[in-house]
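Note sheet for the following structure.
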Amino acid sequence: MTLHAAPVPLTSLLSSQRGGVGETWWGRRFLEVVMKSNDYIRLNAGKSYARNGQVQWIEASPCSVEAKVSGSYVYAVRIRFTPLSDDAWKKMLSIISDEASFAARLMAGSVPEAMERRLAKQGLSLFPRVEPKSKGCNCPDKGSPCKHEAAIYFLLAENIDKDPFLLFLLHGKTKEEVLSGLREARVTSPGSSDSKEVSVLPPVPSDSYYRMGAALPEVGTIPGQIPGDHEMKKALYDQLGKCPVPLGDANLGAVIAELYPRAAWVAARWTKEMNRSPETDSP
């Protein structure tokens, strides 16, 4: 776990002014995991605190969130989360890196539900759990969560909507650790060095991104057998490299790799239809 990462300031005012909190499935799921309470009075009071600007500031660090919340007094809130073990972290990296679309969508600010289902099969979860028996607020209320803690959970959910990498931070891993871990996992994964060549074009150096490459083959020469989606996406992710045009934190190669197998399937089907003999269509 990173011990000296600088705290990350978070948005301290809910943009949602009525109804539920959490625009994404992962924001709502986070609330389900951390707030196991049916005390609607405390929860609604916490939501009102978050909406009315009573959270003075909030910041996240590895496995921890700290805030100041004004009520009858100004209360200090510190919520601790259970860190991932080394073994769990390695398994998580392996699962995410094994499917190029998972990493691509993460870097684009989205969390695939399929990724969480894959993690669940291995007894893992993207959603961190609060340290058991830890009182996160210095107010006299013995409820769990109290309304000051509840305000922080609602704010966390909305911040996680916009930046799912906060889920990893609450597990104890910074965004930089996640990205470098995924890169290393891809390099060291079995079969990563002997992936089958998928593209009909040879790899080119990154400084040749805008240059005209080799001519594309005629439609009739496109092979009828298209590699499996997983195999194709993994090879393309490694081959395309980083686009020189800024694309946020996303790797353009990974984004293309998510869409390319679908286009290849359509092309193969189209080629097959074009190559059908007239006799085949005769009654």
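The values are calculated or read from the model by the stated rules, or taken from the named source; none is laboratory data. Bear in mind that the values here come from a model prediction, so they are computed numbers and not experimental data. Using ideal geometry, Cβ is built from the backbone for each residue, glycine included, and neighbour counts are taken over all protein chains shown.
Observations on the model:
- Unique residue being farther than 22 Å from residue 163 by Cα and in contact with a helix residue (DSSP H, G or I) (Cβ under 6 Å, 6 or more places away or on another chain) when the list is 43, 14, 10: 43
- Of everything in the range 1-30 that is of a type in the set (D, E, K, R) and surrounded by 12 or more Cβ atoms within 10 Å (Cβ to Cβ), the residue that is farthest from residue 78 (Cα to Cα) is 23.
- In the range 129-160, the residue that is surrounded by the most Cβ atoms within 10 Å (Cβ to Cβ) out of those that are within 30 Å of residue 107 (Cβ to Cβ) and modelled with pLDDT under 95 is 130.
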